[in-house]
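S.K.: Please see the structure below; I have some questions.
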Amino acid sequence: MFKLHTIFITGASGCGKSTLALKLGKYLEQRNVSVALFNQDDYFTMPFIPYKDRHDISYETSSGIDFHKLKSDIESKASDIIARQTPNPDKSILLVDIVIIVEGHMLGAAAEMLCESCTKIVDGKIVNSLSTVCVLMQCSKEKCKQRRLGRRSRPKEEWEELNQYIDEYVWIGFEQYGVPALDSFRACVNNIQAQKIEIEKQDQKQQQYHSNASIVEVSSEEDDNLEQSLDVILKALNKGDDNI
């Protein structure tokens, strides 16, 4: 039976979230999986201002992110994909193979809202073994800084401004807001798992329709760790079957 999965990838700025999301999406698409990729940065409500003009950590928090719009877009995209699928002969269960990938450094600030969307994006249609995988990427301050500075070539002045901004605000912002956001994801997944256990106790027939959830913690300190992370995530998705 095909599955609908949602993968959240989060961690400090520069830890490799976007790279991992793109690698994962490409791998799945090559296997005829319908993939929709969402980037938290596309939902910033604050205008971009030069790094030299930023004097606090507001751009490193969740205050300027429209999570309601992100949640709405996730639900809408998944419903659109499902609507294009062909149901099996009894028309009770859709045979779908869809992966929604969402990446961003502050996703955990809206963990409950985003995880909730995973149980509603089917729009009333029954989907077998809906599941959620939350990928928490761990990486050192030095490596994250190196990657962010090396994303693209910059004029020397801009590079120096970004370097100073990272030192003064980015990692401090992650420690103050990003780390608690990761903890929120852990708590949210634990809650989903607890709810699933209760539902299974009450009604075994509902087991296949309730969301599975798991946390995958990976290191991205070394560049080749991303390939290893890909394998770990795929195992979490499969959970013993070979659909993906």
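The values are calculated or read from the model by the stated rules, or taken from the named source; none is laboratory data. Quantities reported herein were computed from a predicted structural model and do not represent experimental measurements. Note that each Cβ is placed from the backbone with ideal geometry, even for glycine, and that neighbours are counted across all protein chains shown.
S.K.: Check off (1) modelled with pLDDT of 85 or more; (2) over 30 Å from W159 (Cα atoms); (3) of a type outside the set (D, E, K, R) for I82 and give me the number that stays unchecked.
M.R.: Condition not satisfied by I82: (1).
S.K.: Do you know which residues across the stretch 147-170 are loosely packed, with under 12 Cβ neighbours inside 10 Å and part of a helix (DSSP H, G or I)? Step through it out loud before you land on a result.
M.R.: Looking only at the stretch 147-170, we keep the residues that are loosely packed, with under 12 Cβ neighbours inside 10 Å, and these are 150-153, 155-157.
The answer is K156, E157.
S.K.: Across the stretch 34-58, which residue is surrounded by the fewest Cβ atoms within 10 Å (Cβ to Cβ) among those that are in a helix (DSSP H, G or I) and in contact with a strand residue (DSSP E or B) (Cβ under 8 Å, 6 or more places away or on another chain)? Reasoning before the result, please.
M.R.: Applying the first criterion (in a helix (DSSP H, G or I)) to the stretch 34-58 yields 40-43, 51-53, 58.
Subset that is in contact with a strand residue (DSSP E or B) (Cβ under 8 Å, 6 or more places away or on another chain): 40, 43.
On the way: Q40: 23, Y43: 17.
Step by step, filter the stretch 34-58, then rank; the result is Y43.
S.K.: So, one more: State all residues of the stretch 8-34 that are more than 18 Å from R152 (Cα to Cα), out of contact with any Gly (no Cβ under 7 Å at 6 or more places or on another chain) and not charged (D, E, K, R); if no residue qualifies, say none.
M.R.: Listed by number, the residues that qualify are F8, I9, G11, A21, L24, G25, Y27, L28, Q30, N32, V33, S34.
S.K.: All but one of (1) modelled with pLDDT under 90; (2) buried (at least 17 other Cβ atoms within 10 Å of the Cβ); (3) charged (D, E, K, R) hold for R31; state the number of the condition that does not hold.
M.R.: (2)
S.K.: Give the residues of the stretch 128-146 that are in a helix (DSSP H, G or I) and in contact (Cβ under 8 Å) with a residue 24 or more places away in the chain, sorted by residue number. Outline the logic, then answer.
M.R.: Residues of the stretch 128-146 in a helix (DSSP H, G or I): 141-146.
Hits for the stretch 128-146 are K141, K143, C144, K145, Q146.
S.K.: Determine the pairs where a residue that is under 19 Å from D73 (Cβ atoms), located within the stretch 29-48, has a partner that is surrounded by fewer than 12 Cβ atoms within 10 Å (Cβ to Cβ) with Cβ atoms under 7 Å apart, the partner being 6 or more residues away or on another chain.
M.R.: Nothing qualifies.
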